[in-house]
Structures are given as structure tokens and as C-alpha cells.
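Trainee: Sharing a structure here in C-alpha cells format.
Please treat every number below as a calculation from the coordinates, not as lab data. Owing to the predicted nature of the structure, the values given are computational and were not obtained by experimental measurement. In this analysis, Cβ positions are derived from the backbone assuming ideal geometry, glycine residues included, and neighbour counts consider all displayed protein chains.
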Amino acid sequence: MTDTSMLAAALGYARRDVRVLPLYEIRNGRCACGKADCISPGKHPRNSNGATGATMDEAQIRAWWAKWPAANIGTATGDRFWVMDVDPRHGGNESVMQLLQQHGSMPETVMVNTGSGGRIIVLRGELEAFLAGLPGVTAAEAAENATARRP
Ligand SMILES: [Zn+2]
């Protein structure tokens with residue numbers, strides 16, 4: 001992955017109305033913050049005000065990734081959208097199919113493949129009640145940030 005692609009990906013989220021923020025990246029297998037006991041390697045904000053400072057402003061996004069070209073991309077959640085974590089090992093794909101049958105098509109959205117073979121789907125609106133009782137899908141209601149990686 002080139003550094004340019006991180007900027008391009010961040011701008012891509014912003015164009016889809018997703019507020020982004022720069023996160024520390026993993027460098028040589030360790031969090032770039034340099035703390036040996038980092039509790040959230042590659043997933044905590046580089047900007048001073050974290051998710052509060054997340055933005056769709058192109059100039060700000062360009063400035064951040066000019067300063068930290070390899071920064072991971074964080075997305076602010078909870079206000080304008082939620083993220084749905086789909087875990088195929090626990091029936092998540094079947095739950096998504098069930099939702100599609102009940103509610104019709106998925107709205108145009110951002111979908112990210114995760115390292116574990118799952119997917120994160122970004123959706124607007126409260127998801128917690130919507131997903132209640134369905135196996136393998138969870139709403140990221142507690143986390144203020146989700147790490148967004150390119151597929
Ligand atoms: Zn760190």
C-alpha cells in the first residue's frame with residue numbers, strides 16, 4: 001500500500017459523508033506512537049482532539065496525510081452513522097442476507113473487508129435495535145472510532 005493511497009482512501013470516505021481522522025500506523029510491527037505498552041496499536045488518533053476533530057474537510061484531510069502520509073484512517077461513528085461488524089464465523093453473512101430479504105437492498109455505503117475475513121458496513125441511523133437478536137453482526141455503539149482499512 002502506498003502512502004498516496006491512504007490519502008486517496010481518506011478523501012474517498014469524506015466524499016461519502018464519512019468524517020475521518022488520522023490514526024497512528026503500525027511501523028515495523030509496532031505502533032508508530034513509540035510507546036512499548038501502547039494499548040491500541042495502530043488505532044489511536046494522531047490529531048490532538050481525536051474523533052471530535054474528525055472531518056470531511058478536504059484541506060484538513062490533505063494536511064493531515066501530508067504530515068503523516070502512512071497514517072491509518074479512523075472514522076467517527078455514532079453521530080451520522082454506525083458501523084456494522086459482520087463476522088462470517090458466527091453467521092454474520094446469513095444475518096446480512098436476512099436483513100436484505102426483510103428490508104430490500106442495502107443503501108449505497110462504504111464496506112470494508114477486515115483481516116479476519118469479515119466485513120464492516122457503514123450505515124446511517126441507529127443500528128443497535130435493528131441488529132438485536134441476529135447472530136454474527138454487531139453495531140459499534142461503544143467505540144468512538146473504528147479503524148477503516150482499505151480492502
Ligand atoms: Zn500507539
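Trainee: Could the peptides 84-96, 13-25 be put in order, highest first, of the mean number of other beta-carbon atoms found within 10 Å of their residues?
Mentor: Going by the mean number of other Cβ atoms within 10 Å, highest first, we get 13-25, 84-96.
Trainee: Right, next: Mind checking the alpha-carbon convex hull of region 3-76 and giving the volume per residue in Å³?
Mentor: Hull volume over Cα atoms, normalised by residue count, gives 80 Å³.
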